[in-house]
């Protein structure tokens with residue numbers, strides 16, 4: 001009969017919880033990255049990037065609060081994902097907001113120019 005050495009380093013440690021990922025940590029990171037990508041690549045859809053960034057920023061405080069309540073229960077990489085996602089979301093919101101503002105100003109300028117051009121045309125000569 002063999003005896004099992006209790007001091008064996010390969011023996012599993014009991015009563016020690018295995019850290020898990022924070023809820024929504026990967027989601028926050030993906031939304032933050034997508035808000036930057038959509039803001040840069042799809043200027044027309046700057047509103048979508050803005051919404052994705054705002055959603056990521058609204059999910060982050062709850063996840064950080066959950067981590068701070070019990071930091072030993074969650075992996076360190078998940079809090080790093082949340083922090084990176086927040087930074088990406090802030091950058092995405094700024095980029096998308098600026099592009100949206102530029103788009104509104106552009107439409108206002110072009111709309112005013114077109115309005116002025118059509119206002120100067122003597123329509124009464126062409127419409128009978």
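The values are calculated or read from the model by the stated rules, or taken from the named source; none is laboratory data. Since the structure is predicted, the reported quantities are computational estimates derived from the model, not experimental observations. FYI the Cβ positions are ideal-geometry reconstructions off the backbone, even for glycines, and counts take in every protein chain you see.
Does residue 52 meet the test of being surrounded by 21 or more Cβ atoms within 10 Å (Cβ to Cβ), without any contact (Cβ under 8 Å) to a residue 60 or more places away in the chain and touching a helix residue (DSSP H, G or I) at 6+ places or on another chain (Cβ under 8 Å)?
When the stated conditions are applied, residue 52 passes them.
Taking the criterion of being modelled with pLDDT of 90 or more, part of a helix (DSSP H, G or I) and surrounded by fewer than 21 Cβ atoms within 10 Å (Cβ to Cβ), would at least one residue in the stretch 13-23 satisfy it?
No, every residue in the stretch 13-23 fails to be modelled with pLDDT of 90 or more, part of a helix (DSSP H, G or I) and surrounded by fewer than 21 Cβ atoms within 10 Å (Cβ to Cβ).
I need a count of the residues in the stretch 27-44 that are surrounded by fewer than 17 Cβ atoms within 10 Å (Cβ to Cβ) and in contact with a helix residue (DSSP H, G or I) (Cβ under 6 Å, 6 or more places away or on another chain).
Looking only at that region, the number is 1.
Here's a check for you: in the stretch 80-128, which residue that is over 30 Å from residue 47 (Cβ atoms) and assigned to a helix (DSSP H, G or I) is nearest to the chain's Cα centre (by Cα)?
The residue in question is 119.
Run down 38, 44, 64 and say which single residue is over 15 Å from the mean Cα position of the chain (by Cα), without any contact (Cβ under 8 Å) to a residue 60 or more places away in the chain and over 25 Å from residue 21 (Cα atoms).
44
Tell me yes or no: at least one residue of the stretch 67-78 is farther than 20 Å from residue 34 by Cβ, surrounded by fewer than 22 Cβ atoms within 10 Å (Cβ to Cβ), touching a helix residue (DSSP H, G or I) at 6+ places or on another chain (Cβ under 6 Å) and at pLDDT below 95.
Yes, there is a match, as at least one residue in the stretch 67-78 is farther than 20 Å from residue 34 by Cβ, surrounded by fewer than 22 Cβ atoms within 10 Å (Cβ to Cβ), touching a helix residue (DSSP H, G or I) at 6+ places or on another chain (Cβ under 6 Å) and at pLDDT below 95.
Within the stretch 79-88, work out how many residues are surrounded by fewer than 17 Cβ atoms within 10 Å (Cβ to Cβ) and either closer than 16 Å to residue 39 by Cα or touching a residue at least 12 places away in the same chain (Cβ under 8 Å) (or both).
2
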